[in-house]
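Read the structure below first, then the notes.
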There are 2 protein chains.
Amino acid sequence: MNVLVGQSGGPTSVINASLAGVFQAAQRRGIPHVYGMVNGIAGFLEGRTVDLSAILDNSLEIELLKRTPSSFLGSCRFKLPNAADDETVYQRIFQKLTEMDIGFFLYIGGNDSMDTILKLSDYAAAVKSPIRFMGVPKTIDNDLFETDHTPGYGSAAKYIAVVMKEIVRDATVYGNHYVTIVETMGRNAGWLTAAAALARGDDCEGVDMICLPEIPFNVEHFIEKVAKMQKKRASIVIAVSEGVKLADGRYVCLLSDDERRVDAFGHTNLTGTARYLANRVAHALPTKTRCIELSTLQRCAAHLSSRVDITEAYQVGGAAVKAAFEGHTGEMIGIRRISNDPYQYVTEAVDVHRVANLEKNVPLAWINGEHTDMLPAFLQYARPLIQAELSPIFIDGLVRHTVLDRDNADLSDNPPVKQ
Amino acid sequence: MNVLVGQSGGPTSVINASLAGVFQAAQRRGIPHVYGMVNGIAGFLEGRTVDLSAILDNSLEIELLKRTPSSFLGSCRFKLPNAADDETVYQRIFQKLTEMDIGFFLYIGGNDSMDTILKLSDYAAAVKSPIRFMGVPKTIDNDLFETDHTPGYGSAAKYIAVVMKEIVRDATVYGNHYVTIVETMGRNAGWLTAAAALARGDDCEGVDMICLPEIPFNVEHFIEKVAKMQKKRASIVIAVSEGVKLADGRYVCLLSDDERRVDAFGHTNLTGTARYLANRVAHALPTKTRCIELSTLQRCAAHLSSRVDITEAYQVGGAAVKAAFEGHTGEMIGIRRISNDPYQYVTEAVDVHRVANLEKNVPLAWINGEHTDMLPAFLQYARPLIQAELSPIFIDGLVRHTVLDRDNADLSDNPPVKQ
């Protein structure tokens with residue numbers, strides 16, 4: 001019996017470490033073929049898979065994989081229909097799985113991706129298929145339930161904390177009145193924005209304000225706070241979530257009257273919170289302003305990943321294979337923290353029904369009363385996750401990656417051999 | 001006799017390595033006090049200096065200084081008047097220099113800052129002052145004449161090349177039509193944008209288009225090129241300079257009708273080229289788009305500096321002190337390349353009159369005929385400058401810096417002792 005693994009949803013710096021963990025755990029168990037879905041379940045439905053056993057064939061390749069950001073196999077955003085509404089797609093999937101002699105199906109992703117595990121494992125139970133379906137958690141957003149944190153968050157948090165330190169240094173250079181507003185990802189959950197609080201230390205004054213989407217936002221109060229802060233310090237640095245909303249639920253970034261936000265498909269572009277706020281401050285106060293969007297840099301800066309995060313990403317991949325071998329299905333591997341200091345954790349399999357399609361927010365008790373900063377409880381939670389580094393492999397001055405030629409990946413090139 | 005050193009203009013990741021080079025070269029020559037101007041010549045005129053000999057008092061502090069981005073002493077943008085128009089400011093400066101027993105005045109900066117060296121050394125000659133004035137080159141823009149390149153450029157180029165590799169990986173993840181436009185600094189000279197060409201390699205397809213300010217820009221042709229490229233490859237990544245202009249000289253970023261560009265001071269904000277172009281592409285073509293501004297990250301990412309750059313920055317600082325001791329004045333230390341492979345160079349003192357206020361552009365002969373890519377001559381020039389790394393010192397998961405409490409720096413706290 002073979003293993004099939006896929007990556008789904010937004011990429012992270014460490015999602016490929018989970019792929020390495022799945023691959024090596026399966027290989028050590030004597031699995032003949034570890035197949036990868038190219039572009040997740042969507043690509044699988046188009047017959048696009050690769051035989052990873054033929055590609056990841058030496059230990060250097062595995063090390064490069066751990067250091068390569070974004071999803072090695074490619075990703076997708078694809079929601080399976082309910083089996084009650086449309087059973088044909090399930091029949092196709094299970095027929096393919098049977099043809100490829102798949103015994104274990106591993107899916108690395110976030111809350112949307114866990115919906116795929118939920119539906120496939122429910123369908124397997126309904127049709128009495130012996131195939132086991134396990135989820136491997138992944139998201140920089142850190143918004144999954146039933147796990148202390150998600151692989152991908154630690155590296156994104158480390159990146160945000162480090163560049164905030166660098167931005168604070170840069171922003172103080174002229175000693176003049178200056179407001180820098182830095183926008184982080186995290187539409188509904190403020191975990192990434194909160195990570196800016198980690199920048200403060202005995203060599204850094206830290207950021208002056210942190211605005212999470214969990215707290216209703218008021219533009220006028222924001223400007224008042226900035227004005228008050230600038231009386232004490234000329235250069236103010238603020239971390240703001242792309243997803244901050246007014247009390248009435250409107251996104252701050254949509255207050256801009258920028259009509260070009262809608263593209264040719266009618267897609268609405270939801271960045272621009274920092275830009276909007278910097279413009280408002282520039283109009284209201286006698287100060288220079290700058291907005292910085294960390295954009296995709298915060299999820300792909302593998303050159304600055306957290307070793308704790310890389311290690312955990314690898315481990316949850318391996319733990320998912322182990323659990324599947326032991327009979328688990330319809331579950332996700334969660335991380336349960338045993339202690340903060342020393343930092344200790346174990347992995348455990350949790351019911352994917354308690355994870356899929358749900359979002360975990362930052363506890364309000366971890367935010368200060370003025371809604372400008374994180375309390376020590378958050379720092380104690382987050383600090384262990386950014387510890388230590390995995391040295392990039394530099395070749396000719398640049399970080400080295402490993403890349404799959406996905407365009408040429410298909411079953412005809414990599415014929416599965418049924419055992 | 002003492003040394004006075006200042007930092008001026010925009011910061012870089014390695015400007016503090018030049019400060020370390022000046023400091024240690026002076027100390028080894030038995031100079032009793034190495035004073036730092038706080039916020040450059042502007043702060044000096046307000047009496048704000050620090051005695052670096054008392055602050056940089058151990059070798060770990062020097063190592064941290066080399067790893068701290070932005071200007072340790074603070075910076076300024078201050079243009080001296082012509083002495084013929086207003087001699088009083090010169091009289092004040094030279095009186096202060098005499099009071100502090102300054103024999104050697106070192107200024108670390110770019111073409112604007114070299115104007116300060118030019119004017120002060122010319123004035124010194126006119127009044128027969130024995131004080132020697134030397135410039136230490138610094139700018140991420142790499143636009144100084146009389147030097148092969150400028151310290152600061154190599155690290156910015158390395159940062160841009162590395163993050164372009166990471167952005168390319170991220171942008172290909174879904175396999176869908178996607179145009180990512182990345183904006184780099186460099187108002188009139190395209191050196192930073194050109195560095196995006198370094199990303200291409202056997203593990204990276206590289207960026208698909210590079211738009212330099214040296215080449216007149218045509219928005220319609222740009223969109224046509226993107227459309228053509230997307231027929232071959234779904235995900236297109238483009239590096240564009242913030243300073244690209246139409247044939248008639250108008251900045252592309254100012255074509256946007258965004259009236260909020262002008263702040264409370266009437267300052268015009270000149271970023272937004274990538275955003276404007278991404279919006280234009282999104283309206284014209286059936287593709288998703290994203291714009292990423294590298295903003296100040298490209299000049300302050302000391303966690304990813306080039307060791308070649310750090311070393312050279314340190315060396316030009318030391319060479320400026322050596323030259324001043326040997327009698328040079330009114331000059332800047334330039335880097336003269338001896339060979340590309342192996343990379344070899346020497347430093348030399350060059351007349352600051354041939355540097356100040358001038359900008360060196362990217363040679364047009366290094367750009368391909370379609371104006372979309374850099375030719376091998378550029379890669380041979382730039383590749384040596386991004387080689388090797390200086391490991392950051394990580395404490396508790398974050399890069400460690402050293403910081404001067406500039407707000408509390410003044411002469412009364414650090415009384416100069418006249419020797």
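Working from the Cα coordinates of segment A:63-180, the gyration tensor eigenvalues give, after taking √(5λ), semi-axes of 43, 15, 12 Å in decreasing order.
Among the residues of B:197-206, the average count of other protein chain beta-carbon atoms within 10 Å of the residue beta-carbon is 3.
Based on Cβ point charges of +1 for Lys and Arg and -1 for Asp and Glu, what charge dipole magnitude is obtained for chain A about its Cα centre, in debye rounded to the nearest 20?
Charge dipole, chain A, about its Cα centre: 620 debye, nearest 20.
Local charge for residue B:103 was computed over the other residues whose Cβ lies under 11 Å away, with Lys and Arg +1 and Asp and Glu -1, and equals +1. The calculated pair-distance distribution of segment A:335-412 uses every alpha carbon pair, bins of 5 angstrom beginning at 0, and gives 3, 9, 11, 11, 14, 13, 15, 12, 7, 4, 1, 0, 0 percent. Calculated accessible area for the protein assembly as shown comes out at 35 Å² per residue, all protein chains present (probe 1.4 Å; ligands, DNA, RNA ignored).
Between identical copies, the spacing of residue A:342 label points, each set 7 Å from Cα toward the C-beta atom, reads 4.5 nm from nearest to farthest. Rounded to whole Å, the principal axis extents of the Cα atoms in segment A:1-92 read 46, 29, 18, largest first. With the charge dipole of chain A set up from +1 on Lys and Arg Cβ and -1 on Asp and Glu Cβ about the Cα centre, the Cα lying farthest toward the positive end among the listed residues A:212, A:44, A:181 is that of A:181.
Calculate log10 I(q)/I(0) of chain A for q = 0.11, 0.14 Å⁻¹, where I(q) comes from the Debye formula with a single equal point scatterer on each Cα and nothing for solvent. With one equal scatterer per Cα and no solvent, log10 I(q)/I(0) is -0.83, -1.21.
Placing +1 on the Cβ of every Lys and Arg and -1 on the Cβ of every Asp and Glu, with nothing else charged, gives segment A:13-88 a dipole about its Cα centre of roughly 320 debye.
Could you state the orientation-averaged shadow area of the convex hull built on the Cα atoms of segment B:173-312, in nm² to one decimal?
Over every viewing direction, the Cα hull of segment B:173-312 projects on average to 10.6 nm².
Ranking B:102, B:317, B:386 by how far each Cα lies toward the positive end of the dipole of chain B (charges on Cβ) leaves B:386 at the top.
With kT/(6 pi eta Rh) evaluated at 10 °C and eta = 1.306 mPa s, and Rh the Kirkwood radius from Cα pairs, the protein assembly as shown diffuses with a coefficient of 57 µm²/s according to Stokes-Einstein. How much solvent-accessible surface does residue A:325 expose, in Å² to the nearest 10, with a 1.4 Å probe and all protein chains in place? So the heavy atoms of residue A:325 present about 70 Å² to solvent. Take residue A:82, move 7 Å from Cα toward the beta carbon, and the resulting point lies 8.2 nm from the same point in each other copy, nearest first.
Inter-part distance, segment A:172-188 to segment B:11-25, computed on C-alpha centroids, equals 26 Å.
Quick check: the angle from helix B:273-284's long axis to the longest principal axis of chain B, C-alpha only, nearest 10 degrees? Compared with the principal axis, the helix lies near 10 degrees. Of all aspartates and glutamates in the structure, those lying under 14 Å Cα to Cα from residue A:119, and not within fewer than 8 positions of it along the same chain, are A:85, A:86, A:87, A:331, A:351. Rounded to the nearest 10 degrees, the inclination of helix B:88-99 to the longest alpha-carbon principal axis of chain B is 60 degrees. Which angle between 0 and 90 degrees, to the nearest 10, do you get for helix A:219-232 versus the longest principal axis of chain A when only C-alpha atoms count? Helix A:219-232 sits at roughly 60 degrees to that axis. Can you pull the percent of segment A:124-238's accessible area that's carbon plus sulfur, 1.4 Å probe, other chains left in place? Carbon-and-sulfur percentage of accessible area, whole number: 54. How many percent of the alpha carbon pairs in segment B:134-200 exceed a separation of 19 Å? Everything past 19 Å amounts to 40 percent.
Its alpha carbons give segment A:27-71 an Rg and a Dmax of 11.9, 31 Å.
Counted by Cβ distance under 10 Å from residue B:395, the other residues give a net charge of -2, where Lys and Arg count +1 and Asp and Glu count -1.
When chains B and A come together, the accessible area they lose, probed at 1.4 Å and totalled over both chains, is close to 6300 Å². For segment B:78-138, the percent of C-alpha pairs falling in each 5 Å distance bin, counted from 0 to the bin holding the largest distance, reads 4, 18, 30, 27, 16, 4. Okay, which of segment B:316-353 sit inside 19 Å, backbone N to the point 7 Å along the Cα-Cβ direction of residue B:63? The answer is none.
The values are calculated or read from the model by the stated rules, or taken from the named source; none is laboratory data. Because the structure is predicted, anything quoted here is derived from the model rather than measured. Cβ atoms come from the backbone with ideal geometry, glycine included; neighbour counts cover every protein chain shown. Heavy atoms of the whole protein, side chains included, go into the accessibility calculation; ligands, DNA and RNA do not. Shrake-Rupley method; radii C 1.70, N 1.55, O 1.52, S 1.80 Å.
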